[in-house]
Structure formats: structure tokens, C-alpha cells
Amino acid sequence: MDLTKAILERRSIRAFRPDPIPREKIEEILRLSIRAPSGINLQPWEFVIVTGEEKERLSRTLIKAYREKKISCGPDAVRPLPKTFGKRGAKTLEGMRPFFEEMKVSPEQYINEGSCQFYGAPVVILICLDDAFSKSRLLDIGALLGYLVLAAHESGLGTCPIGLITAYEEEIKDLLNIPDNKRVVIGLALGHPDWESPINRFKSDREDLDNMVRWV
Ligand SMILES: Cc1cc2nc3c(=O)[nH]c(=O)nc-3n(C[C@H](O)[C@H](O)[C@H](O)COP(=O)(O)O)c2cc1C
């Protein structure tokens, strides 16, 4: 697939079909994504792939933790955000609203509980980083994530990065025996998109480049 086409077509998928994905296909996507650049080629990422009954257990654990702690999807800012950024998030949620209305679901519940269940995807990829690394290595994880979502798209699968689950990192680590010194940086839902679901028709837009660029 042409790269421009893949970049333009890809979107986050928020309803998946349960059909399992063969291990070889997951490995093929991971092999492509680890071609991502990283500082001094450290390739600091580590993956935990969760499927089958373990994935169901993980979803149940996350839903329980969400219902207890009520930490929701949000910008996770350390200070009030400049208005421009807040507006972009609000606009994205507004854009999703008609699809949620069609589905007769509450947007907040669908997004938060859906994220905790990886929107029904049969495969969860947790990307971990050893805590010996500094914060700068999160850049490498970001680059990897970009490659991963495009490689999956090219192979006909859908993805949704799930940042919400990092609020429940302790529960995840306990359940999956992830050592204390590994940070769970991001989760990724992976599977066949359910194209019957209205929410998958939603396509987020982007600001004008002019609002993001200053030429010097
Ligand atoms: C680091 C990161 C964390 C994200 N976390 C979530 C999440 O917890 N739940 C969710 O539904 N989408 C999540 N997303 C998906 C974003 O909402 C999505 O990428 C954004 O709205 C742009 O839409 P697009 O991916 O369809 O282009 C996350 C994306 C990134 C990059």
C-alpha cells in the first residue's frame, strides 16, 4: 500500500470484531514497526501481547478499576491548557457525538469503558519501557506507535492507542506479572474493524497547518 494512502486512510477504530488474529500476522506487524527510529538505536520498547482469555481478564480488571477510581480519558495536563488545545479535544468529541447518538450510547461511558475493554479487540499490545530510561525515550515509543498503527492498517487491521489504561498501571502489572521496573507506556487495541458500527465512520479532522507553524 502506498504510504500516503495509508496515512490518509488510517483512523482510530472504536469497535472491533472478535475474530482472533494469527500470531504470525501480529509478529509481521511488530517486525515492521520496530524499524522505527530510536535514539542511538536503543530500541527501548518491550511488548506484552495479550490475547484470548487473558485479554478478557485484563478487560474485566480494567473495568473494575475504572468503576472504582473513575479516572477518565482526558488531556492529562499538568497545568490548565492554552485554549487552542482544549478546543481541539472538544471539537473531536463533538464530531463523535452524532455517531454515539445513532448508537444510543453515552459518549463518556462508551469511550471510558470501551477503552478499558480495548473496544472488543481480540489483541492488546502493551508497550513497556524499563524505568532505567529517562523521559526522552518516550519519544522512541511515540515513533514506534506511529509505525505500528500504519503497519497494522496496511495489513488490513484496525488499531486504537489506549492511553487511559496507564491510569491503572498497577492493576495491569499485577495481573500480567510485569516487573516493577517496567513502565506500561501505552496500550494498543488491534483487530478487524467492525465496519457495521457507526463510530467507525467517524474520521477526526486536523487543524490548518498555518495554525501550527511559524516560519523563521
Ligand atoms: C498516546 C495516545 C493515547 C490515546 N488514548 C486513547 C484512549 O485511551 N481511548 C481512545 O478511545 N482513544 C485514544 N487515543 C486515540 C486518539 O483519540 C486519536 O488518535 C485522535 O482522536 C485522532 O484520531 P485518529 O487516530 O482517528 O486520527 C489515543 C491516541 C494516542 C496517540
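For the reader, a short list of remarks on this structure follows.
- Counting residues in segment 146-165 that are in a helix (DSSP H, G or I), within 16 Å of S72 (Cα to Cα) and within 16 Å of the ligand (Cβ to nearest atom) gives one or more.
- Count of segment 166-206 residues which are assigned to a loop (DSSP other than H, G, I, E, B) and either more than 12 Å from the ligand (Cβ to nearest atom) or crowded, with 16+ Cβ neighbours inside 10 Å (or both): 11
- For segment 91-115, the set of residues classified as within 11 Å of the ligand (Cβ to nearest atom) and of a type in the set (A, V, I, L, M, F, W, C) consists of L93, M96, I111, listed by residue number.
- The set of residues from segment 127-145 being within 13 Å of the ligand (Cβ to nearest atom) and not in a helix (DSSP H, G or I) comprises just one member, I127.
- Filter result (crowded, with 16+ Cβ neighbours inside 10 Å and either assigned to a helix (DSSP H, G or I) or touching a Gly at 6+ places or on another chain (Cβ under 8 Å) (or both)) within segment 33-51: S33, A36
- Note on segment 2-32: residues that are within 12 Å of the ligand (Cβ to nearest atom) and part of a loop (DSSP other than H, G, I, E, B) amount to 5.
- Residues being farther than 30 Å from D210 by Cα, of a type in the set (S, T, N, Q) and surrounded by fewer than 17 Cβ atoms within 10 Å (Cβ to Cβ) - total across segment 84-120: 2
The numbers here are math on the coordinates, done by the rules we state, and not lab data. Predicted model only: the values in this text are computed from it and were never measured. Because the Cβ atoms are built from the backbone with ideal geometry, glycine has one as well, and the counts that use them run over all protein chains shown.
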